[in-house]
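Structure record follows, encoded as structure tokens.
The values are calculated or read from the model by the stated rules, or taken from the named source; none is laboratory data. This is a predicted model, so every value here is computed, not measured. Methodologically, a virtual Cβ is constructed for each residue, glycine included, from the backbone with ideal geometry; neighbour enumeration extends over all protein chains shown.
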Amino acid sequence: MIFNLNKQKQDNHTLEYDFAIIGGGPAGLTLANKLSDSNLRIFVAEGGDKQFSAESSKVYQGKVYGDPYYDLRHPD
Ligand SMILES: Cc1cc2nc3c(=O)[nH]c(=O)nc-3n(C[C@H](O)[C@H](O)[C@H](O)COP(=O)(O)OP(=O)(O)OC[C@H]3O[C@@H](n4cnc5c(N)ncnc54)[C@H](O)[C@@H]3O)c2cc1C
């Protein structure tokens with residue numbers, strides 16, 4: 001089940017999981033896949049939205065230190 005935590009209010013029961021994975025990149029999804037055979041209730045939180053928006057891009061805000069690099073989030 002996929003739901004948008006910014007748009008839907010979830011009651012406490014809906015948000016009871018045994019394991020929370022923050023980020024659906026290769027590491028997060030590999031872990032989720034490994035745990036899928038267990039009886040654990042797994043929650044994967046992924047940033048962004050189905051379509052780009054400035055609001056959904058806010059989770060990527062951050063500073064890059066050291067070598068020059070692109071901004072971490074798309075400019076508004
Ligand atoms: C320009 C570039 C090119 C690359 N090319 C290659 C390549 O050709 N081959 C290769 O093997 N590797 C490549 N890499 C490296 C590869 O992308 C990384 O090693 C890999 O993505 C790391 O996986 P990860 O799951 O640790 O992190 P990520 O892939 O960064 O996954 C983190 C996830 O967390 C999510 N997230 C971030 N903040 C939040 C939040 N606050 N709440 C919820 N979710 C959040 C992000 O949306 C993302 O999906 C490249 C990297 C870059 C930057």
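Brief remarks follow.
- Of all the listed residues (A20, A54), the sole one being among the hydrophobic types (A, V, I, L, M, F, W, C) and in a loop (DSSP other than H, G, I, E, B) is A54.
- Looking only at the stretch 8-22, residues that are farther than 25 Å from D37 by Cα and at pLDDT 75 or above come to 0 in all.
- Selected residue (criterion: farthest from Y17 (Cα to Cα)) from residues of the stretch 27-76 that are free of Cβ contacts under 8 Å to residues at least 24 places away in the same chain and acidic (D, E): D67
- Residues being surrounded by 11 or more Cβ atoms within 10 Å (Cβ to Cβ) and part of a helix (DSSP H, G or I) - total across the stretch 23-50: 6
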